[in-house]
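The values are calculated or read from the model by the stated rules, or taken from the named source; none is laboratory data. Quick caveat, the model's predicted, so the values are computed rather than measured. Cβ placement follows ideal geometry from the backbone for every residue including glycine, while neighbour counts extend to all protein chains displayed. We work out accessible area using only protein heavy atoms, side chains counted, and drop any ligands, DNA or RNA first. Shrake-Rupley method; radii C 1.70, N 1.55, O 1.52, S 1.80 Å.
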Amino acid sequence: MQSRFLFASIALATMACAVSCGPRTNANADAGADANPFAPPPMACRAGTGWTADRPAFSRNTADWGLSAVRGTRFATADVDNDGYADLVVHSGATNVRTNSEATPPVIHTRLLMNRPRAGGGRQFVDATRDSGFLAARDGTSGRNTTITGFADVDNDGDVDAVTQVYLNAAATAPEDPGDRGVVLLNNGSGQFALAGESAIAPPQADGFVSQASGLAFVDQNRDGNIDAFVSYFYDPNSGIEVGQQPTLFRGAGNGLFEDVTDSVGMALGTTMADFAMARHRRPLYGASACDVNGDGQLDLIGMAYGRQWNELFVSKPDGTFAEVGLASGVGGDDNREFQQDQSYLCWCVASPGRCPPETPAPRYQCPVRGWRQGYNDQPWRLNGNTFTIACGDVDNDGDIDLYTAEIAHPDTGPASDRSQLLRNVSPPNAAPEMVRFERVARAASGLVPGSSASNDEGGISAVMFDFDRDGRLDIWYGASDYPSQYGWMFHQKPDGTFEQVSRPAGIYHACPVGIALADFDLDGDQDLVVGSSTARDCARTWTMGNEVHLYENVASEANWTSIRLVGRGGGAANRSAIGARIRVTAGGVTQTRELSGSFGHFGLGQELVAHFGLGATCAIDRVEVRWPDSANTVETFDNVRANYRVEIRQGEGQLRYETGAR
């Protein structure tokens, strides 16, 4: 395979970086045979013009990419064969069922799609599920049941491996459990996978644990250079309806094997009512994310709670343990506890004469609504949100990581049910866990108001921050589903820091979106979106052909950009995937901050392990700073950087590798 990179042996204080697009050739080929192979590539300034609402920012090119017949709701994405292009895993969302490609008609619940050249130009996805070994099962068969996939280099050999988990439906009416559990799949570098050995994260088949995994995020918690994994779970089928399964941290050994270290790192939660009152209890979680909320170089863990319970925020401490500060930090939920406007409570008052204040109004809804348990539904731990995803990003370019929550809320529950909202990080630098604080930004003031109004359901399931128009400010995609009038809402950040909803003019007004995958699939310097479609409840009226998968190619602007791929050294230094690295790019008087994290949110939303930066009209980068996720928080800096090329930076190498090719 032709090398995609041009080596530049420059001092770490100087860096000429950039990414190109399309067919890759030597960036200096046009300069002749005597061209210095270590010289920076040619200047590649773009027009710098941004996106305006009089033209689309996205083009739905599903058929061109070979996705017209693909059905699915949840995705993972990574470059699994090391050709530079992001590939795609598609999950149907079905539980307790295996893929059977030999059936008539075929029963397909998981696909591995490789990003390949298309005849006549462009790219397309090609199904490689069977040949790749991606669905191999421990019993020697194929078609393994899996519902979540995350990609990271767990054995530090230079390619991404896969960790898969399962959500088992424990209902009596559910299909019989086929026995599959989570597995680790080791990649040989060309997209061929083999099962790693059994370990805590990958137990024996039919091990007896009813896994209801709902999220997967990668970290290197002890910064030993090996990937660890944080897995969230939903309800505990063996406990009461308010109790969740224990979220678990699995420590990687660097060879595909993992051990459960949850208790030893201080993450164990209780199940007593005293635990509930003190926010120390196990909550049913619907997703997991990881980001460094206090800037100390260690990723912190976020669990998204369902059932109106507090979200979890585990902040790393210097001794390698965690403190759970979801409630105190403001991440757990907002401060509104006005259950007296809940229509179910008002119905209970009607049915319980003398138990409520005399001024209690009559319910506006026909009773009963949802049912009410006095002494339970009125408790603070039951008056928060139904959080499906929390996305991380430095939305205001102030150098710390902010959050955006995607919530499901219903009008009958009143104002105590949290709505989707931006949480601005107001923590002091390197804050101790007890000092981590987030300020909830009023939705009307921020402009982050989804299309649904206060009189309608709000179906927030997915969210991601990315700069779709490359103007240097993060925008927010928010996917709402399963109820009437639910769409994907694209919020464009304006120069004053507020947002405008631009889904229709941007060309990405997608009904009932569920999972997403975010990557530069065509290597043209901007990020594209793959979106899955729900057929639950009212959404089935829209997607009558099933859970359609659509690819929205980004065509937003001619602004400048750079994207950066990091490679850690592993073996006691940074992990090879560089998960947990913080990258700062300074250009045009603005410093932007990104973190590498991979899978996040509800059932593992997919994003590639590449950092993307929009530069607007600026075509030269003053400085790139990389803080590696090793025990020393090693920092490398590179100055005087050119835009519009993808660059690879390998820890401690002292040189840059530029991706070459025609733009």
> Between E653 and T321, what is the label-to-label distance in nm when each label sits 7 Å out along the Cα-to-Cβ direction?
Replying inline: 4.0 nm
>> Amide H of N100 versus every other amide H placed in the peptide plane: which residues, excluding those fewer than 5 positions away on the same chain, fall under 5 Å?
In response: V107, I108, H109
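Below 8 Å, C-alpha to C-alpha, sequence gap of six or more: please give me the relative contact order for the chain in percent. Please list the in-between numbers first.
Details: 1987 pairs, mean separation 133.7, N = 663.
Across the chain, relative contact order equals 20 percent.
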>> Considering only C-alpha atoms, what is the centroid distance from the range 247-322 to the range 155-194, in Å?
In response: 22 Å
>> Leaving out ligands, DNA and RNA, and with a 1.4 Å probe, what % of the accessible surface on the chain is carbon or sulfur?
In response: 50 percent
> In the neighborhood of Q124, defined by Cβ-to-Cβ distances under 13 Å, what is the net charge if each Lys or Arg adds +1 and each Asp or Glu adds -1?
Replying inline: -2
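Give me the net charge of G616's neighbourhood, meaning all other residues with Cβ under 11 Å from the Cβ of G616; Lys, Arg count +1, Asp, Glu -1.
Numbers: positive: R46, R470, R473; negative: D467, D469, D471, E558.
Result for the local shell: -1.
So how strong a dipole does the range 118-173 carry about its Cα centre when Lys and Arg Cβ are +1 and Asp and Glu Cβ are -1, to the nearest 20 debye?
That gives a dipole near 360 debye.
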> Restricting attention to the alpha-carbon atoms of the range 278-406, what are Rg (one decimal) and Dmax (integer), both in Å?
Replying inline: 18.3, 57
> How large is ³J(HN,Hα) for each residue in the range 524-530, as worked out from phi by the Karplus curve 6.51 cos²θ - 1.76 cosθ + 1.60 (θ = phi - 60°), to whole Hz, x for Gly and Pro?
Replying inline: 10, x, 10, 9, 9, 10, 9
> Could you give me the ³J(HN,Hα) list for the range 491-498, computed from phi with Karplus coefficients 6.51, -1.76, 1.60 and θ = phi - 60°, whole Hz, x at Gly and Pro?
Replying inline: 9, 8, 7, 8, x, 7, x, 8
>> Please report Rg (one decimal) and Dmax (integer) in Å for the Cα set of the range 175-327.
In response: 15.9, 52
>> Which order do you get for T544, T618 if you rank them by accessible area with a 1.4 Å probe, largest at the top?
In response: T544, T618
>> Can you tell me what percent of all Cα-Cα pairs in the range 468-564 are more than 22 Å apart?
In response: 32 percent
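Which length gain, in nm to one decimal place, applies between N640 and R55 when the Cα-Cα distance is subtracted from 0.36 nm times their residue separation? Each step should come with its number before you reach the end.
Details: separation 585, 0.36 × 585 = 210.60 nm, distance 3.36 nm.
In short, 207.2 nm is gained.
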> Which shape class applies to the range 79-128: rounded if a/c is under 1.5, otherwise prolate when a/b exceeds b/c and oblate if not, where a ≥ b ≥ c are the square roots of the Cα gyration tensor eigenvalues?
Replying inline: prolate
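Does the range 478-527 classify as rounded, prolate or oblate by the C-alpha gyration tensor (a ≥ b ≥ c root eigenvalues; a/c under 1.5 gives rounded; else a/b over b/c gives prolate, otherwise oblate)? Working shown, then result.
Working: a/c = 2.24, a/b = 1.14, b/c = 1.95.
Oblate, since a/c reaches 1.5 and b/c is not below a/b.
Determine one quarter of the surface area of the Cα convex hull of the range 569-629, which equals its mean projected area, and express it in nm² to one decimal.
Values: hull surface 20.8 nm².
Value for the range 569-629: 5.2 nm².
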> To one decimal place, what Kirkwood hydrodynamic radius in Å is obtained for the range 526-572 from all pairs of distinct Cα atoms?
Replying inline: 14.6 Å
> Taking θ as phi - 60°, what are the ³J(HN,Hα) couplings along the range 159-167 by the Karplus curve (6.51, -1.76, 1.60), each to the nearest whole Hz, with x for Gly and Pro?
Replying inline: 9, 7, 9, 10, 10, 10, 9, 10, 10
>> Explain nothing, just the number: dipole magnitude of the chain about its Cα centre with +1 on each Lys and Arg Cβ and -1 on each Asp and Glu Cβ, in debye rounded to the nearest 20.
In response: 920 debye
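Give the peptides 81-94, 515-528, 428-441 in descending order of average Cβ contacts within 10 Å, highest first. Don't skip to the answer; put the middle values down first.
Details: 81-94: 22.4, 515-528: 23.9, 428-441: 16.3.
By packing density, highest mean first, the sequence is 515-528, 81-94, 428-441.
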> Tell me, how many Å apart are the Cα centres for the range 383-446 and for the range 544-598?
Replying inline: 22 Å
> Which values, in whole Å and largest first, are the semi-axes of the equivalent ellipsoid of the range 400-492 obtained as the square root of 5 times each eigenvalue of the Cα gyration tensor?
Replying inline: 25, 18, 10
> Does the range 506-609 come out rounded, prolate or oblate by the C-alpha gyration tensor, with a ≥ b ≥ c the root eigenvalues, rounded set by a/c under 1.5 and, if not, prolate when a/b is larger than b/c and oblate if not?
Replying inline: oblate
> If Lys and Arg each add +1 and Asp and Glu each add -1, what is the summed charge of the other residues whose beta carbon sits under 11 Å from the beta carbon of R144?
Replying inline: +1
> How large is log10 I(q)/I(0) at q = 0.11 Å⁻¹ when the Debye formula is applied to the Cα atoms of the chain, each weighted equally and without solvent?
Replying inline: -1.09
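Would you kindly give the portion of the calculated P(r) for the range 531-663 that falls above 28 Å, as a percent of all Cα pairs? Intermediate values should be presented prior to the final figure.
Working: 2793 of 8778 pairs.
The calculated P(r) of the range 531-663 puts 32 percent of pairs beyond 28 Å.
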